[in-house]
């Protein structure tokens, strides 16, 4: 058993990656297998350092290869220890990592600029000190400005010379996101942080081999459910469904309608109507703006569809050519995915998604290599997430209600069809009314835009989420008024949990200091963020998932219990949310460390109270 020189809780001096800069850190633990110490800096950054990169505070002796021109040691010490001389304005990559630190104890003079490439070892005064500019007179401010500028040059030179040399010695685990970041792109992005994060980002969905599986399985599954539900007896014992002739998979008119629908939604999106909303800060510090006029888009779409029906256009074409429309949408998503991958190869590295930068073509094509691909101000990912597929879902459901009336000889749709249409329409309208909330979700903030999201948005959502309505056209299910009332109550409970929990989360993420949220209890983390442990977020870790599952149950019950296939959405959603919860757990444990463990002890259940 190797001896441990430093113990949990010790305050020591730790080297910062890519430089010879030492900062005061606290030891969090020691991993015997890797022989690395886990330490935390005062700006919230956690690193794993080797023993040789740590020094005791009491015998730490700073040194410099150049002399200061200060008139007296006393004056020099006074300047160096002043918490007002922070380097938060620095544009160097190393200085950005210690935004609240004081300046070094000794600084090269102006005539010694030739020695700036030499490495200096410094000890910084404690971080997180308030800026005390008011204590400095004009002369000291001027001297301090020159001193800071010189120190920044030193740090910049050190980082550039040492990055490649020392990078393999460190394992960067967490970096604080500055809450005061301005909405423009910062030039001091830490290259060590980006590189380490990229390398350490785990591969999802089965990794590289899993990407090949999903690329084949997802389109096959969509074709299967469409063909299976259309059988007179859609029981799974009749698997596999018979394949129709190949020519039935293709219809040029269907492709034209799909393209026309997408272009119509593009037109609605780019109209100068609605609010311009800011997204969350990216790794570069940039905040993108989005045109959040989704409710306007669905209202205009409904008006156009109503006018089309009034003019005698037969929307039951959607039901009779559902397979061909799905194939056309699939081809569209593939072409979009190819374009996205090609353009991502030319995107700057800071615009890549960490999870889609594995270096494997198939995996990056599937997961998405570029985080926020845009054509000028037109955001492709945001548009596809919220518009053609989501609004198309409601259009398809409406067409199926008309098809049911025609096939069953009804004057009005059945209770089951009305419930499915109404519930899912409410879900979509709510999402578009609160469209700004999606800007804080995993899809928008972390996932790249590739085949996974393109196929999901344009094919998976409109052609599998409509499965209940598609099933009811040929397989009606009678419901009593009491059953209708019970299903409506279940839906309202799920919707209430879903909406209120999402509203709490979105409001808290955007402005944690809002006085209206002062009643919420939180657990602070080393990143500067806090974890909610009250309201719905104190009941389970993902109350929005709980509400989603209750609503999914209300969508499935109207189809009855004769066949398993219309319950596909419920089953799929359980798998999806459990997997997403697993991804979220791994990410949060890596990001928040011990604070996340405390959060898990406080909020024990993940999705369903006392069950899971």
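The values are calculated or read from the model by the stated rules, or taken from the named source; none is laboratory data. Remember, predicted model here, so these are calculated numbers, not experimental data. Here Cβ is always computed from backbone atoms with ideal geometry, including for glycine, and neighbour counts include all displayed protein chains.
Do you know which of the residues in the range 381-422 that are without any contact (Cβ under 8 Å) to a residue 40 or more places away in the chain and under 38 Å from the mean Cα position of the chain (by Cα) is farthest from residue 337 (Cα to Cα)? Step through it out loud before you land on a result.
If we filter the range 381-422 for residues that are without any contact (Cβ under 8 Å) to a residue 40 or more places away in the chain, which is where we start, we get 405, 409-413, 418, 422.
In the following step, the residues that additionally are under 38 Å from the mean Cα position of the chain (by Cα) were identified as 418, 422.
Values: 418: 35, 422: 32 Å.
Looking at the filtered set, the residue picked out is 418.
Kindly establish whether residue 576 is modelled with pLDDT of 80 or more and buried (at least 16 other Cβ atoms within 10 Å of the Cβ).
Numbers: modelled with pLDDT of 80 or more: yes; buried (at least 16 other Cβ atoms within 10 Å of the Cβ): no.
In short, no.
Given the residues 273, 258, 266, which is the only one that is at pLDDT 95 or above and in contact with a strand residue (DSSP E or B) (Cβ under 9 Å, 6 or more places away or on another chain)?
Values: 273 fails: at pLDDT 95 or above; 258 fails: in contact with a strand residue (DSSP E or B) (Cβ under 9 Å, 6 or more places away or on another chain).
It is 266.
So which residues in the range 31-43 are surrounded by fewer than 19 Cβ atoms within 10 Å (Cβ to Cβ) and in contact with a strand residue (DSSP E or B) (Cβ under 9 Å, 6 or more places away or on another chain)?
Looking only at the range 31-43, we keep the residues that are surrounded by fewer than 19 Cβ atoms within 10 Å (Cβ to Cβ), and these are 31-35.
Answer for the range 31-43, where residues must be surrounded by fewer than 19 Cβ atoms within 10 Å (Cβ to Cβ) and in contact with a strand residue (DSSP E or B) (Cβ under 9 Å, 6 or more places away or on another chain): 31, 34.
Out of the residues in the range 455-485 that are more than 36 Å from the chain's Cα centre (by Cα) and assigned to a helix (DSSP H, G or I), state the one that is farthest from residue 397 (Cα to Cα). Walk me through it before giving the result.
Let us first name the residues in the range 455-485 that are more than 36 Å from the chain's Cα centre (by Cα), namely 473-485.
From the residues that got through so far, the ones that are assigned to a helix (DSSP H, G or I) too are 473-474, 481-485.
Details: 473: 10, 474: 14, 481: 22, 482: 24, 483: 21, 484: 19, 485: 21 Å.
Restricting to residues being more than 36 Å from the chain's Cα centre (by Cα) and assigned to a helix (DSSP H, G or I), the top hit is 482.
Kindly indicate whether any position in the range 293-301 is over 17 Å from residue 385 (Cα atoms) and assigned to a loop (DSSP other than H, G, I, E, B). Step through it out loud before you land on a result.
Step one: of the range 293-301, the residues over 17 Å from residue 385 (Cα atoms) are 299-300.
In the following step, the residues that additionally are assigned to a loop (DSSP other than H, G, I, E, B) were identified as none.
No; the residues of the range 293-301 include none that is over 17 Å from residue 385 (Cα atoms) and assigned to a loop (DSSP other than H, G, I, E, B).
Return the only residue of 323, 335 being part of a helix (DSSP H, G or I) and surrounded by fewer than 17 Cβ atoms within 10 Å (Cβ to Cβ).
Details: 323 fails: surrounded by fewer than 17 Cβ atoms within 10 Å (Cβ to Cβ).
Answer to the check: 335.
Which residues, taken from the range 427-454, are closer than 20 Å to residue 579 by Cβ and not in a helix (DSSP H, G or I)?
Residues satisfying the conditions are 441, 446, 447, 448, 449, 450.
If I ask for residues that are surrounded by 14 or more Cβ atoms within 10 Å (Cβ to Cβ), closer than 19 Å to residue 434 by Cα and in contact (Cβ under 8 Å) with a residue 60 or more places away in the chain, which ones from the range 271-286 would you list? Working first, answer last.
Filtering the range 271-286 down to residues surrounded by 14 or more Cβ atoms within 10 Å (Cβ to Cβ) leaves 274, 277, 279-286.
Next cut, closer than 19 Å to residue 434 by Cα only: 274, 277, 279-280.
The answer is 277, 279, 280.
Tally up the residues in the range 218-240 that are buried (at least 17 other Cβ atoms within 10 Å of the Cβ) and not in a helix (DSSP H, G or I), please.
So the count comes out to 2.
Mind counting the residues in the range 579-612 that are farther than 16 Å from residue 522 by Cβ and touching a helix residue (DSSP H, G or I) at 6+ places or on another chain (Cβ under 9 Å)?
13
Could you look through the range 492-526, keep only residues that are in a loop (DSSP other than H, G, I, E, B) and touching a residue at least 12 places away in the same chain (Cβ under 8 Å), and pick out the one that is nearest to residue 28 (Cα to Cα)? Walk me through how you get there before you give the answer.
Initial filter on the range 492-526 (in a loop (DSSP other than H, G, I, E, B)): 511-514, 518-521, 525-526.
Retained after the next criterion (residues that are touching a residue at least 12 places away in the same chain (Cβ under 8 Å)): 512, 519-521, 525-526.
Working: 512: 27, 519: 31, 520: 28, 521: 25, 525: 14, 526: 12 Å.
My answer is 526.
Tell me whether the range 446-456 contains one or more residues that are modelled with pLDDT under 90 and surrounded by fewer than 24 Cβ atoms within 10 Å (Cβ to Cβ). Even if it seems obvious, please write down each step before you answer.
Pass one, the range 446-456, residues modelled with pLDDT under 90: 446-447.
Among the residues that remain, those that are also surrounded by fewer than 24 Cβ atoms within 10 Å (Cβ to Cβ) are: 446-447.
So far as the range 446-456 goes, yes, one or more of its residues are modelled with pLDDT under 90 and surrounded by fewer than 24 Cβ atoms within 10 Å (Cβ to Cβ).
Would a scan of the range 371-391 turn up a residue that is closer than 14 Å to residue 473 by Cα, assigned to a loop (DSSP other than H, G, I, E, B) and touching a helix residue (DSSP H, G or I) at 6+ places or on another chain (Cβ under 8 Å)? Walk me through it before giving the result.
Our first condition is that a residue be closer than 14 Å to residue 473 by Cα; within the range 371-391, this holds for none.
No - not one qualifying residue is present in the range 371-391.
Within the range 338-357, how many residues turn out to be part of a helix (DSSP H, G or I) and touching a strand residue (DSSP E or B) at 6+ places or on another chain (Cβ under 8 Å)? Can you show your working first?
Going residue by residue through the range 338-357, those that are part of a helix (DSSP H, G or I) are 338-344, 349-351, 354-356.
Subset that is touching a strand residue (DSSP E or B) at 6+ places or on another chain (Cβ under 8 Å): 340, 343-344, 351, 356.
Summing the residues that are part of a helix (DSSP H, G or I) and touching a strand residue (DSSP E or B) at 6+ places or on another chain (Cβ under 8 Å) in the range 338-357 gives 5.
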